[in-house]
Structures are given as structure tokens and as C-alpha cells.
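Asks: One structure is given below, represented as C-alpha cells, and several questions about it will come after.
The values are calculated or read from the model by the stated rules, or taken from the named source; none is laboratory data. This is a predicted model, so every value here is computed, not measured. Backbone-built Cβ (ideal geometry, glycine too); neighbour counts: all protein chains shown.
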Amino acid sequence: MKRREFLKTSLAASAIAGLGAAGSSGSAAEPGAAEREYYELRIYRFKSGSKTDSLEGYLEKAAIPALNRLGSQPVGVFTERDAKDAPAIYVLIPYPSLTAFSEVTSRLLADPELQKAGASYLETPANNPGFDRIESWLMLAFAGMPKIELPAYSRERKPRMFELRIYPSYSEVKALKKVEMFNKGEMDVMRETGLAPVFYGQTLIGSGLPQLTYMLSAENQEAHSKHWQAFGSHPTWKKMRSDPEYADTVIEKAIKNHFLLPTAYSQI
């Protein structure tokens with residue numbers, strides 16, 4: 001078999017195996033895969049001029065405590081630092097298993113504490129909804145970072161900012177190669193240069209597939225910019241970037257990044 005054909009076959013098999021592992025708690029496609037978290041990234045969209053108070057009150061006092069009781073923690077809630085359009089609330093929810101994700105809605109709505117604490121939001125009338133639309137993506141954590149990692153300033157709830165980066169690809173095979181690139185050294189360089197990654201997720205369900213999403217953090221924008229400069233000049237990154245094995249894994253001009261600020265009640 002030719003090398004190119006072998007590569008495509010191997011990567012396609014890995015993708016199928018990964019999805020198979022997602023549906024079971026026993027077998028895993030990679031070492032440590034059984035311990036990898038699943039992430040749901042929700043973006044609550046609002047119409048221009050709308051207030052977010054009702055949703056935020058629900059998240060803080062009802063939804064996050066209930067999610068924590070179900071084993072989902074830490075839960076991150078963020079606003080856009082440089083919002084230009086209508087307001088948006090970003091919510092990152094980790095799940096210990098695919099089963100936990102599939103059952104979360106029914107279990108939350110059956111939670112009497114959530115019902116009581118979130119009554120005003122849950123019973124909003126049609127002429128005053130708590131949001132306009134919800135966008136949602138389901139992701140599987142990378143093997144090289146199977147769980148959310150919080151830097152000290154996040155654990156201590158000190159001032160901090162985050163960069164959410166979305167990498168689209170033109171091919172399922174190339175998308176998996178980019179995941180491999182992160183697992184085989186790129187995320188280690190990010191840690192070493194202070195970019196402080198919070199999570200890496202291979203998107204399984206959502207719009208804009210194939211893609212991957214990850215989040216970086218810093219105490220402020222100045223520090224974040226310096227960390228990016230250190231990353232860009234790191235010899236390991238330069239070597240990986242010039243490796244033809246990882247060429248064309250991402251549509252560079254289509255990369256999206258969002259600078260986010262945590263809400264006062266965010267656990268990330």
C-alpha cells in the first residue's frame with residue numbers, strides 16, 4: 001500500500017475508532033482515552049439591546065450549582081471583551097462521559113433545587129425570552145490534555161482573560177493531523193511559553209466541521225501577547241510548522257479567535 005493511501009486509511013480508522021470510544025466507557029482508541037472529558041460549548045445569543053440579567057442569574061444561582069452536583073465542573077461563563085454586535089454569553093461545560101452529556105437536560109429539569117432557584121428564568125413568557133438563540137458544539141478532549149487545566153490566577157479568581165481559538169480544516173484527515181500535531185508537541189510548547197491552555201477539543205458535533213477548538217489564558221493582554229511572541233520564536237514550534245507532514249492542516253485565513261472575560265461567578 002502506498003504511504004499516502006496508508007495515511008488516509010489509518011487516520012480515517014482513528015476517527016471512526018474515536019467516535020466508537022465516545023459511545024462506550026470501556027474500549028478506547030488511544031491510551032488514556034477513557035479518561036478524556038467531553039466539552040459542550042454553548043453560545044447564548046441575544047438581540048441587539050437585550051439584557052442578559054435573567055440568563056446570568058439562572059446560570060449563577062441555578063444551572064452551575066446543579067451541573068456541579070451532576071459532576072460537571074469547573075463550568076466557565078464568559079462575555080466577549082470586544083463585543084461589536086448583540087450581546088453573547090459563552091458557557092463551557094465539561095462532562096465526565098458521553099452518557100452524562102446525553103442525560104444532562106432531563107436531569108437538570110428534574111432537579112427540584114434548580115427548579116426553585118431558576119424559576120424566574122425557566123418560566124419567562126414568550127414576549128420576554130431569556131435569550132434569542134443557542135449555538136452548541138460537542139467536543140472530545142485531546143489525549144494530550146484529557147481534562148481542563150486551570151492556572152493559579154483562575155483557581156484564585158484573580159483578574160484574567162482568555163482567548164478562544166477555532167481552527168477549521170478542509171478535510172477530516174487533515175483535521176486529525178492537526179490534533180496529532182498538538183498532541184505530539186505543540187501544546188507542550190504552549191505550556192512552556194506561558195500561554196496556559198485551559199482545554200483542547202476535537203469538535204464532534206456542531207456547525208463548521210471539521211474543526212478543533214482550544215482556549216488559552218493569561219493575567220492580562222500584555223502578558224498574553226508576550227507569551228505568543230515566545231511561542232512564535234520557539235525552535236520546537238518552528239520545526240513542527242515547517243514539517244511537511246503537518247502542512248495544510250488548517251485553513252489559516254478562516255481561523256477565528258474570540259477574546260473573552262470571565263463573569264464574576266465563572267469557575268474558570
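Asks: Can you tell me which residues in the range 166-192 are outside any helix (DSSP H, G or I) and out of contact with any strand residue (DSSP E or B) (no Cβ under 8 Å at 6 or more places or on another chain)?
Replies: Tyr170, Ser171
Asks: Pairs only if they're at least six apart or on different chains, beta carbon under 8 angstrom, first in the range 178-190 and within 11 Å of Leu212 (Cβ to Cβ), second among the polar types (S, T, N, Q); list them, first residue then second.
Replies: From the range 178-190, the pairs are Lys178/Ser169; Lys178/Thr249; Val179/Gln202; Met181/Thr249.
Asks: For the range 88-133, which residues satisfy the criterion of being assigned to a loop (DSSP other than H, G, I, E, B), surrounded by 12 or more Cβ atoms within 10 Å (Cβ to Cβ) and of a type outside the set (Phe, Trp, Tyr)?
Replies: Passing the criteria: Pro96, Ser97, Asp111, Gly118, Thr124, Pro129, Gly130, Asp132.
Asks: Of the residues Leu150, Leu122, Leu140, which single one is touching a helix residue (DSSP H, G or I) at 6+ places or on another chain (Cβ under 9 Å) and either of a type in the set (Val, Ile, Thr) or modelled with pLDDT of 95 or more (or both)?
Replies: Step by step, each of Leu150, Leu122, Leu140 is checked, and only Leu140 is touching a helix residue (DSSP H, G or I) at 6+ places or on another chain (Cβ under 9 Å) and either of a type in the set (Val, Ile, Thr) or modelled with pLDDT of 95 or more (or both).
Asks: Inside the range 53-104, can you point out the residues that are in contact with a strand residue (DSSP E or B) (Cβ under 6 Å, 6 or more places away or on another chain) and of a type in the set (Ser, Thr, Tyr)?
Replies: Of everything in the range 53-104, those that are in contact with a strand residue (DSSP E or B) (Cβ under 6 Å, 6 or more places away or on another chain) and of a type in the set (Ser, Thr, Tyr) turn out to be Ser72, Thr79, Tyr90, Tyr95.
Asks: Given (1) touching a residue at least 40 places away in the same chain (Cβ under 8 Å); (2) more than 15 Å from the chain's Cα centre (by Cα), where does Leu150 come up short, assuming only one miss?
Replies: (2)
Asks: Just a yes or no: is a residue in the range 238-258 closer than 21 Å to Arg155 by Cβ, at pLDDT 95 or above and not hydroxyl-bearing (Ser, Thr, Tyr)?
Replies: Scanning the range 238-258 turns up no residue that is closer than 21 Å to Arg155 by Cβ, at pLDDT 95 or above and not hydroxyl-bearing (Ser, Thr, Tyr).
Asks: Within the range 181-203, identify whether any single residue is of a type in the set (D, E, K, R), buried (at least 16 other Cβ atoms within 10 Å of the Cβ), more than 14 Å from the chain's Cα centre (by Cα) and over 17 Å from Gly144 (Cβ atoms), and answer yes or no.
Replies: For the range 181-203, residues of a type in the set (D, E, K, R), buried (at least 16 other Cβ atoms within 10 Å of the Cβ), more than 14 Å from the chain's Cα centre (by Cα) and over 17 Å from Gly144 (Cβ atoms): absent.
Asks: Tell me, which helices (runs of 4 or more DSSP H) lie completely within the range 1-72 with 3 or more residues that are modelled with pLDDT of 95 or more?
Replies: 53-58, 64-69
Asks: Sticking with this one: Consider Ala218 carefully, then state whether it is loosely packed, with under 13 Cβ neighbours inside 10 Å, of a type in the set (A, V, I, L, M) and within 30 Å of Lys61 (Cβ to Cβ).
Replies: When the stated conditions are applied, Ala218 does not pass them.
Asks: Taking the range 201-237, which residues are outside any loop (DSSP other than H, G, I, E, B), touching a helix residue (DSSP H, G or I) at 6+ places or on another chain (Cβ under 9 Å), closer than 30 Å to Glu156 by Cα and not aliphatic (A, V, I, L, M)?
Replies: Gln202, Thr203, Tyr214, Ser217, His227, Phe231, Gly232
Asks: Follow-up question, since we're still on this one. Before we move on, is Gly201 in contact with a strand residue (DSSP E or B) (Cβ under 6 Å, 6 or more places away or on another chain) and either among the acidic types (Asp, Glu) or over 20 Å from Asn183 (Cα atoms) (or both)?
Replies: No; evaluated as a whole, the condition is false for this residue.
Asks: Sticking with this one: Scanning the range 230-249 for residues that are in contact (Cβ under 8 Å) with a residue 40 or more places away in the chain and farther than 22 Å from Ser217 by Cα, which turns out nearest to the chain's Cα centre (by Cα)?
Replies: Of everything passing the filter in the range 230-249, Thr249 is nearest to the chain's Cα centre (by Cα).
Asks: What are the residues in the range 71-87 that are surrounded by 13 or more Cβ atoms within 10 Å (Cβ to Cβ) and under 21 Å from Gly201 (Cα atoms), if any?
Replies: Those that are surrounded by 13 or more Cβ atoms within 10 Å (Cβ to Cβ) and under 21 Å from Gly201 (Cα atoms): Ser72, Gln73, Pro74, Val75, Gly76, Val77, Phe78, Thr79, Glu80.
Asks: Also, quick follow-up: Can you name the number of the only condition in (1) in contact with a helix residue (DSSP H, G or I) (Cβ under 7 Å, 6 or more places away or on another chain); (2) over 22 Å from Ile89 (Cα atoms); (3) not charged (D, E, K, R) that Met187 fails?
Replies: Answer for Met187: the failing condition is (1).
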